[in-house]
Amino acid sequence: MPALEINNLKKLYPNNFEALKGINLNVNQGDFFALLGPNGAGKSTTIGIICGLVNKTSGTIKVFGHDIDTENTAAKACIGIVPQEINFSQFESCLSIVTNQGGYYGITRQIAFERAEKYLKNLGLWEKRNECSRNLSGGMKRRLMIARALIHEPKMLILDEPTAGVDVELRRSMWDFLTNLNQQGITIVLTTHYLEEAESLCKNIAIINQGQIIEDTSMKQLLAKSGKETFFFDLVDPIITLPDLNCLSSQLIDPTTIEVEILGRENISQVFDVLSNNNINVSSMRNKSNRLEELFLDLLNNNKLN
Amino acid sequence: MQSLFIPFSTIVIKEVSRFTRIWMQTILPPAISMTLYFVIFGGLIGSRIGTMNGFSYIDYIAPGIIMMAIINNSYANVVSSFYGAKFQRHIEEMLVAPIPNFIILAGFVSGGVVRGLLIGVVVTIVALFFTNLQVHNLIITIAVVLMTSIVFSLAGMINAIFANKFDDISVIPAFVLTPLIYLGGVFYSIDLLPDFWQKVSAFNPILYMVNAFRYGMLGESDIDITHAFIMLTIFTITLLIISLQLLNKGVGIKS
C-alpha cells in the first residue's frame, strides 16, 4: 500500500485558473520524496488538498489507504504538515503552540507535553519553550513548525519548502534531523527550491509544471538522464585566446576562467590534456550549477516548447 | 467521545486564555463603560425620569445594560478570535487536524459564551453598587443569558467567516449591532413608542433578549416570555445551521 496515492487530481480555482490538470502520483512507504516545480506549478495546491486546506475539483487521494473524502479522520491522523508560510499564533508560547496542536489531534495534555519536550529538545527549541513565538528567529520558527507537525507522530511528514530563508548551518542540521526521521520509517514528502537539497536527501522525485507531472522517477534514474554538465576552470595565469579543446563546447569567460560543457559520454580528462599541452595550468575546477538544477531547467524548457 | 472532547476542550482553553491574557482589552473596558452607564443614565438622569413600568429607572435599565455587555462581548470574542486565526493563518492548525467542523464551531462559540458570561458577572457586580437587583426567575435568567450569548457568538462566527479585512469585523458591530442594541429596549419600554415604531421594533431580535432577561430579573417584560423564547430558539438554530454550512463548505477558510 503506498503512503500517498493521488489519482487524476484536478483543481480549478474560481477565477478559472487550472492549477492541477489531473495529476497522478504515488509515494511509497518509507520514501524520501521530492516534489519539485517552479513557482505556481501546483506544488502547494497539491499539498493543500492532501492536508485539507484546499478543496479539490475532482480526483482521489489516499493516505496509507485512507481516502481523504470518506476516511478523512484516519487520513489526517497519518499526515504531519510543515507549511511554506509561518502559520502559528504570534502571541502564544512555543510550548502552548505544540501542545495545543496535540490537543487538536486528540492527544491528552500530559502526553502532548512529553512529546513537545522531546521534539523541542531535538530541534534545539526547549530553552525557548516559554518564549512568545513572534520573538523567535526565522530558522527557529521553521523548526517550531516541524516540532508541531510531529506532535501526533504522523506516518508521513510533508514539508513545503522547509529550509527557505534558513542559513547553511541550520539547513544542514535540519537535513540531518529529517534523514534521521526517515530512517525511523517516517515517509517524507519535500518541496524545495534548493535542488541540492532534493538531490542529497531524496530517493524519488516528481517534477510538476503548469499543473502536470512532467517527470516521476527515482533520483538515480533522473540524474542518469543528465545529458550535460558545465564546468568552470580557473587558470593560474591569464590567457588571451582559448586553445581548441577537441571539439568540446567551450568559451573564455575572462582571461583566467574557461567554461566547458561536457556531454554525456565525453571525457573531462581531455580538457586537462589540451590545457597541459598548451602550458596552461589549472588552479581549480568547479561545477557551473548542480546537475539536478540543469536537468530541472532542461525539463521545464522542454515542457514549455511542447 | 474522548477523541472529540480533547480537541473541544483544547479550543475552549485556548480561547479563554486568549481573552484573559489581554484582560485590559477584554474585561476592564466593559466594566468601566457599564459603570458609566449606571452613573449617568441610572443615577444622574434616571433620578429625574422617575419610574418606568413601576420600577425605578436604574432598576429598569440594569438588566438591559447587563444584556448589552453580554451581547457585545460574546460577539466580539468570536469575531476577533476567528478572524485573527484566519488572518494569521493559524486556523490551519485546526483544519489539518482530524477535528469535525462542529467541534471547531462549538469550541469558538463556547469561548464567546464564557467571555459573555464572565462580563455579565462583572457588570452584575458593578450593578449591585447602584441598584437593588433581585432575580425573579433564576432558570429563565440563566437560559436567556446562555441562549443570547450563543446567538451572538454564532453571529460573530458568521461575520468572521465572511470577513476579508479588519474593517469587515468592525462594520457590523458599529453599524448593525450597536443600533439594534440601543433600539432594543435597553433604556426604555417599547410601550413608550408610537404604534408604528412598536411594530418596527418587533423585527429587532435584541428586543426579545433584553425583555426576556428583564423578565427573569424583574418579572417585567414588554414581550410575551414564551414568544421571546420561541424567537431565541429560532435565531439559535438558524445561525447554527448557517455557520456550520459555511464551515463545511470552507467559505472564507479554504481556497
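The values are calculated or read from the model by the stated rules, or taken from the named source; none is laboratory data. Being a predicted model, the structure only gives us computed values, none of them experimental. No Cβ is skipped: glycine too gets one built from the backbone with ideal geometry, and neighbour counts run over all protein chains shown.
General observations
- Residue within region A:162-174 that is surrounded by fewer than 19 Cβ atoms within 10 Å (Cβ to Cβ), hydrophobic (A, V, I, L, M, F, W, C) and within 27 Å of residue A:27 (Cβ to Cβ) present: yes
- Just so you know, in region A:50-70 the residues that are facing chain B (nearest Cβ under 10 Å) and aliphatic (A, V, I, L, M) include one that is farthest from residue B:247 (Cα to Cα), and it is A:50.
- Residue match in region A:29-36 (condition: surrounded by fewer than 20 Cβ atoms within 10 Å (Cβ to Cβ) and within 27 Å of residue A:147 (Cβ to Cβ)): yes
- Some residue of region B:160-170 being surrounded by fewer than 16 Cβ atoms within 10 Å (Cβ to Cβ), modelled with pLDDT under 95 and within 17 Å of the chain's Cα centre (by Cα): yes
- Elements of the type helices (runs of 4 or more DSSP H) sitting completely within region B:149-255 and holding at least 1 residues that are acidic (Asp, Glu) and over 30 Å from residue A:13 (Cβ atoms): these cover B:195-201.
- Options A:254, A:237; residue that is among the charged types (D, E, K, R), without any contact (Cβ under 8 Å) to a residue 24 or more places away in the chain and not assigned by TED's automatic domain parsing to the domain that holds residue A:37: A:254
- The residues of region B:107-132 that are touching a helix residue (DSSP H, G or I) at 6+ places or on another chain (Cβ under 6 Å) and of a type in the set (A, V, I, L, M, F, W, C), listed by number, are B:108, B:109, B:113, B:114, B:119, B:122, B:123, B:126, B:127, B:130.
- Residue match in region B:111-119 (condition: within 14 Å of chain A (Cβ to nearest Cβ) and of a type outside the set (Lys, Arg)): yes
- Where a residue in region B:205-229 is without any contact (Cβ under 8 Å) to a residue 12 or more places away in the chain and its partner, wherever it lies, is of a type outside the set (Gly, Ala, Ser), with Cβ under 6 Å and at least six apart: B:221/B:211; B:221/B:214; B:221/B:215
- Summed over region B:215-224, residues that are in contact with a Ser or Thr (Cβ under 6 Å, 6 or more places away or on another chain) and farther than 15 Å from residue B:139 by Cβ total 1.
- Neighbours by Cβ (under 6 Å, 6+ apart or cross-chain): first from region A:82-95, at the interface with chain B (Cβ under 8 Å from one of its Cβ atoms) and in contact (Cβ under 8 Å) with a residue 60 or more places away in the chain; second buried (at least 20 other Cβ atoms within 10 Å of the Cβ) and of a type outside the set (A, V, I, L, M): A:83/A:160; A:88/A:133; A:88/B:90
- Candidates A:45, A:73 - the one that is within 11 Å of chain B (Cβ to nearest Cβ) and out of contact with any strand residue (DSSP E or B) (no Cβ under 8 Å at 6 or more places or on another chain): A:73
- Here residue A:229 does not qualify as of a type outside the set (Val, Ile, Thr) and under 30 Å from residue A:4 (Cα atoms).
- Qualifying residue in region B:210-217 (condition: surrounded by fewer than 20 Cβ atoms within 10 Å (Cβ to Cβ) and in contact with a helix residue (DSSP H, G or I) (Cβ under 6 Å, 6 or more places away or on another chain)): no
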